[in-house]
Amino acid sequence: MGKFGIRTGAATMAALALAVSACASGKATGGEPATGGDGVRTGPGVTADTISVGLLTDLTGPYASLGKSITQAQQLYFEQVNAGGGVCGRKIAGIVRDHGYDAQKAVAAYTEVAPKSAAITQFIGSPMVTALKQRIEADKLLTIPMAWATSLLGGQAIQVTGTTYDLDMINGVEFLAGEKGIKAGDKIGHLYFEGDYGESALNGSKYAAGKLGLTVVEQKIKATDQDMSAQVSAFKDAGVKAVLVSVGPRQAASLVGVAAARGMDIPFVASNSAYSPQLLGTPAAPALLKNYFIMTAGAPMSAPLPAIQKLVADYQAKYAGQPVDSGVGAGYSAAVIVGDALKKACEAKDLSREGIVRAHRSQPSWEGGFGTPMDFSHVDQPASRASYVVKPDRSAVGGAVILKEASVSGLAKDYQVPVG
């Protein structure tokens with residue numbers, strides 16, 4: 001699914017960081033914990049009959065289609081849990097706010113939603129979560145970012161799921177070396193967005209290339225860039241034997257389509273934010289089907305896992321005719337992660353924010369039936385180091401199938417992930 005890591009302008013982000021830091025220095029968002037009539041300690045977002053959670057999403061910006069899928073999948077989960085009696089005798093209620101992938105709107109949305117929430121089941125955008133990181137930690141508000149930059153590691157409250165961008169690229173470079181004939185002395189390209197997403201991915205590709213004797217030819221672009229003709233020319237002139245792709249789907253389609261038109265019959269290995277099934281309706285489809293590979297910690301929606309097959313059926317029944325893309329799996333599994341934390345906190349009779357975070361962090365081997373075992377007990381490490389290799393497939397649910405089961409490459413196993 002999309003690893004939403006585009007950064008807005010540096011000046012804007014610096015100003016936001018100062019504003020958020022000032023907010024964080026004051027009283028944390030929310031009220032003091034209390035004990036209800038059922039003996040359960042409660043906190044902000046928890047009443048006698050409701051647990052409210054925030055969904056800070058993108059419904060109108062560059063990731064609107066994925067934001068819609070993520071949100072609808074989480075709402076489906078809430079309905080299913082509530083139909084079964086809820087959690088701790090309380091129904092889960094989602095508070096949805098669209099920030100349109102605008103950092104200032106995201107800060108405003110957080111300011112509004114956080115005091116009413118026991119947790120945040122999705123927060124789209126690496127720049128947004130990074131800007132609010134200090135405040136989220138001060139608020140002790142369990143938050144699942146739909147972003148995988150290493151800058152988000154290191155805190156108790158923010159849980160990066162699966163791998164980080166750098167690990168996917170390390171696993172991807174070893175895939176190229178092991179199965180696509182890339183060898184010492186070769187050049188590989190890397191097209192990446194400026195900001196947390198691209199720079200984190202680049203850290204991984206450069207690390208793996210250094211270990212394997214490869215040279216990385218870098219091409220950095222802005223999220224607003226659409227035509228990759230110049231970047232293709234640079235890669236072709238350099239004689240790259242493969243290209244790593246850490247951009248958005250639109251830029252990926254331009255890259256692969258232009259490269260094919262210029263006779264570049266080489267493999268492309270992408271971060272999972274650089275693919276969506278809608279690309280198979282573009283002129284780049286033949287090249288994508290032949291030469292495009294996606295590294296992802298999450299199993300695709302076509303995976304033969306009972307939990308995913310049930311999710312597909314349930315989602316199609318509720319949202320008939322709507323795409324079942326990777327956002328469905330990412331959104332639903334994130335909601336399950338928060339739901340399981342709430343259930344464990346209920347068992348401990350502590351639905352305060354501290355109690356929810358403590359319950360979540362007590363899980364060293366969460367799996368949930370989605371094919372990605374994760375360790376939530378270490379705040380300074382990714383929850384997983386294993387990446388699937390996924391390939392586009394026009395006939396598959398979600399437009400992709402597993403080419404290679406999730407595994408941890410030798411380089412990824414020993415890699416020291418930067419934190420914060």
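Cβ contacts < 7 Å: first residue at positive phi and surrounded by fewer than 16 Cβ atoms within 10 Å (Cβ to Cβ), restricted to the stretch 171-198; second residue not β-branched (Val, Ile, Thr) and not in a strand (DSSP E or B), any location; separation 6+ or different chain. Result?
Going by the 7 Å Cβ cut-off, the qualifying pairs are 185/213.
Kindly establish whether residue 364 is surrounded by fewer than 16 Cβ atoms within 10 Å (Cβ to Cβ), over 17 Å from residue 335 (Cβ atoms) and touching a Ser or Thr at 6+ places or on another chain (Cβ under 7 Å).
yes
What is the number of the single condition among (1) under 23 Å from residue 94 (Cβ atoms); (2) within 21 Å of the chain's Cα centre (by Cα) that residue 364 does not meet?
Condition (1) is where residue 364 drops out.
Specify which of the listed residues (246, 229) is of a type in the set (Ser, Thr, Tyr) and out of contact with any Leu (no Cβ under 8 Å at 6 or more places or on another chain).
229
Taking the stretch 106-123, which residues are in contact with an Asp or Glu (Cβ under 8 Å, 6 or more places away or on another chain) and surrounded by fewer than 22 Cβ atoms within 10 Å (Cβ to Cβ)?
Residues satisfying the conditions do not exist here.
Restricting to the stretch 367-419, what's the tally of residues that are part of a loop (DSSP other than H, G, I, E, B), over 16 Å from the mean Cα position of the chain (by Cα) and among the hydroxyl-bearing types (Ser, Thr, Tyr)?
Qualifying residue count for the region: 4.
Having 2 or more residues that are under 17 Å from residue 387 (Cβ atoms) is the bar; report the helices (runs of 4 or more DSSP H) wholly within the stretch 123-223 that clear it.
165-179, 196-212
Conditions tested, residue by residue: (1) more than 30 Å from residue 349 (Cβ to Cβ); (2) among the charged types (D, E, K, R); (3) at pLDDT 95 or above; (4) not assigned by TED's automatic domain parsing to the domain that holds residue 145.
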{"position": "38", "(1), (2), (3), (4)": "no, yes, no, no"}
{"position": "73", "(1), (2), (3), (4)": "no, no, yes, no"}
{"position": "80", "(1), (2), (3), (4)": "no, no, yes, no"}
{"position": "94", "(1), (2), (3), (4)": "no, no, yes, no"}
{"position": "108", "(1), (2), (3), (4)": "yes, no, yes, no"}
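Which residues, taken from the stretch 88-101, are under 22 Å from the mean Cα position of the chain (by Cα) and in contact (Cβ under 8 Å) with a residue 60 or more places away in the chain?
Result: 101, single match.
For the stretch 65-87, enumerate the residues that are among the hydrophobic types (A, V, I, L, M, F, W, C) and without any contact (Cβ under 8 Å) to a residue 24 or more places away in the chain.
Selection gives 83 alone.
Return the only residue of 331, 327 being in contact with a helix residue (DSSP H, G or I) (Cβ under 9 Å, 6 or more places away or on another chain) and either at pLDDT 95 or above or more than 30 Å from residue 140 (Cα to Cα) (or both).
331
Please tell me if residue 345 is over 19 Å from the mean Cα position of the chain (by Cα), buried (at least 19 other Cβ atoms within 10 Å of the Cβ) and either outside any helix (DSSP H, G or I) or modelled with pLDDT of 95 or more (or both).
yes
Is it the case, given these coordinates, that residue 375 is modelled with pLDDT under 95, among the charged types (D, E, K, R), surrounded by fewer than 23 Cβ atoms within 10 Å (Cβ to Cβ) and more than 16 Å from residue 335 (Cα to Cα)?
no
Take the residues in the stretch 154-170 that are closer than 18 Å to residue 273 by Cβ and aliphatic (A, V, I, L, M); name whichever of them is surrounded by the fewest Cβ atoms within 10 Å (Cβ to Cβ).
160
The values are calculated or read from the model by the stated rules, or taken from the named source; none is laboratory data. Keep in mind that what you see is a predicted model, and the values were worked out from it rather than measured. In this analysis, Cβ positions are derived from the backbone assuming ideal geometry, glycine residues included, and neighbour counts consider all displayed protein chains.
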